[in-house]
Amino acid sequence: MGETMSVADDELAQIRAARQAEIQRQIETQAEQQMQTEELESAAQEEASVIAAAMRTILTPEARDRLARVELGHPELATTVKQHLYTLHQANRISIPVDDEMLKRILQGLSENNRRETTIRRI
């Protein structure tokens, strides 16, 4: 009977060891995922700060104010405009500083592209 208890104890120890190894793998996986997420967030924040600094060079104060107001109502549109302006500036394809009127035209062009065609049908 003592031998049966020993076999059961060995099996129980093996099950515990396997479970501990599984938990350790899960913890390591979670830590790795968290590190990757933090690295992505850090890169995104760094890119945003670079673009924000570039906007101070690219846009006039009035245009920056307008873009800030657009960002309050349409953050996706503002982000798209900032990235577009930054890309154009990097490629030297835009004359700086971009004034308020030019920014209005850019915004109008982008918002026209994003508008959906709606039709009203009477049944």
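Where is the GNM fluctuation largest for the chain (alpha-carbon springs, 10 angstrom cutoff): Glu47, Glu112, Glu71? Highest fluctuation of the listed residues: Glu112. Between Ile15 and Thr119, the modelled labels are 6.8 nm apart [label points 7 Å from Cα along Cα→Cβ].
Quick one: dipole size for the chain, taken about the Cα centre, charges +1 on Lys/Arg Cβ and -1 on Asp/Glu Cβ, in debye to the nearest 20.
Roughly 1240 debye, rounded to the nearest 20.
When shorter helices are ignored and each DSSP H run of at least 4 residues is given -39500 (n - 2.57), the per-residue value for the chain at 222 nm works out to -29000 deg cm²/dmol. Modelled this way, with points 7 Å down the Cα-to-C-beta line, the labels at Ala91 and Arg56 are 2.7 nm from one another.
Sorting 22-28, 48-54 by average packing, meaning the other beta carbons within 10 Å per residue, from highest down gives 48-54, 22-28. Averaging the Cα positions of each part gives two centres, and for the stretch 4-22 and the stretch 42-81 these lie 59 Å apart. Computed over the stretch 2-114, relative contact order equals 24 percent, with contacts defined as Cα pairs under 8 Å that lie 6+ residues apart. Between amide H atoms placed 1.01 Å from N, distances below 5 Å from Val98 occur with Leu59, Thr60, all of them 5 or more places distant or on a separate chain. Protection proxy ranking, highest mean first, for peptides 59-67, 95-103: 59-67, 95-103, where packing is the per-residue count of other beta-carbon atoms within 10 Å, averaged. Cα-based radius of gyration for the chain, normalised by 2.2 N^0.38 Å, reads 2.09.
We did not get these values from a lab; they are worked out from the coordinates using the rules stated. Only a predicted model underlies this, so the values are computations on that prediction, with no experimental measurement involved. When we count neighbours, we look across all protein chains shown, and the Cβ atoms used for this are built from the backbone with ideal geometry, even at glycine.
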